[in-house]
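Encoded as structure tokens, the structure appears first; notes follow it.
Values in this text are rule-based calculations from the coordinates and carry no lab data. Please read these numbers as outputs of a predicted model, since none were measured by experiment. Cβ placement follows ideal geometry from the backbone for every residue including glycine, while neighbour counts extend to all protein chains displayed.
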Amino acid sequence: MALTPLALCLALMALLTQDVRSDGGASWTYSGQHGPRHWGTMFRTCAGNRQSPINIETANVKTEFWKPLRFKNYDDPPTRMRVKNNGHSAQVEIDAASAPRVTDGGLKGDYIFAQFHFHWGADSALGSEHTIDGVRYPMELHLVHYNGAYGSLAEAIKRQDGLAVLGVMLEVSETDNPALTPLTNALLNITDSGMFSGVSATYPLRAFLPNNVDKFYRYEGSLTTPTCNEVVTWTVFAHAIPISEKQLRNFRAMMNDHHEPLVNNFRPPQPLNNRKVLVAAQSSGDSATMKKIGLTVYFMTSMAVLMMNM
């Protein structure tokens, strides 16, 4: 029997945040003897050479002139939005008349939206998983998509290009972010692990993206939670979206599986190894066009000078 879109979404959520047991019977955590430092021994795939997150060194990236990212159905408000405290994060799922998708921007396929979730710190000095030139933001949002070419999440997770995740940094603002307010209000209803709540206002996914999505970093990596499958094409936007301290406090009020504050739920940056980090040129389509125009003008000017000297 074919899985419904909601069932597919739940399947991916279970995979991305599964409470996998080690041989000793203890689940993975973000601290202590089962924290990120030990994931590589608990789960073989977490010790791979293509792990995420990473520190993005902007002086060592290669510029690419891709077509702009194309967001399908990202401007359509979903029919329903629900947030769950899964013990590791606040994770949001939606129902929509047409599934949001992302393509182009150097992606090799059409990727279907599944869910988004957050990583944050105990205070605003830390929280994001990726860092940019060593700078850590107070929060990072991950919008998870799977490759539609593989037909299902279960099949996509087996493939090297199975998932595409959009990483959005959040920075502290003096005022609330209106798109986040209904969500952060709902968090007060799910302080305990395993609880879920409807979100009163359903903003389109576009509201959770930066205004400027032209500049982003791209690399091949993994899930940032066990079992750390190396199947993710990462897109990390250079520009952030705002969140207030009041809204951040609602995230920090949540509790994990051990009824401890759910904070610092981020994995530290992993070695880049032999991977390359790419960056999309600002307004890439215009930049590519201007590059061609510039070459044409240079050629015509050179020819004119040559003819004048004949």
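Points worth noting:
- Radius ratio Rg over Rh of segment 34-111, counting only Cα atoms, Kirkwood formula for Rh: 1.07
- At 0.890 mPa s and 25 °C, Stokes D of segment 91-250 from Kirkwood alpha-carbon radius, µm² per second: 149 µm²/s
- Of the GluC sites (Glu not before Pro) found in segment 169-247, those that fall in a DSSP loop while having at most 12 other beta-carbon atoms within 10 Å are GLU174.
- Legend: distances between Cα atoms for LYS84/LYS276; LYS72/LYS246; LYS158/LYS276; LYS72/LYS215; pairs beyond 27 Å are LYS84/LYS276; LYS72/LYS246.
- Positive-end residue of GLN33, HIS88, TYR111, charge dipole of segment 29-124 with Cβ unit charges: GLN33
- Isotropic mean projected area of the C-alpha convex hull, segment 163-212 (nm²): 5.1 nm²
- Multiplying the residue separation of ALA253 and ASN274 by 0.36 nm and removing their Cα-Cα distance gives an extension gain of 3.6 nm.
- Global geometry of segment 170-245, whether rounded, prolate or oblate, following the gyration tensor of its Cα atoms and the 1.5 cut on a/c: oblate
- When the trypsin sites (Lys or Arg not before Pro) in segment 86-188 are filtered for DSSP coil states and for at most 16 other beta-carbon atoms within 10 Å of their beta-carbon, the remaining sites are LYS108, LYS158, ARG159.
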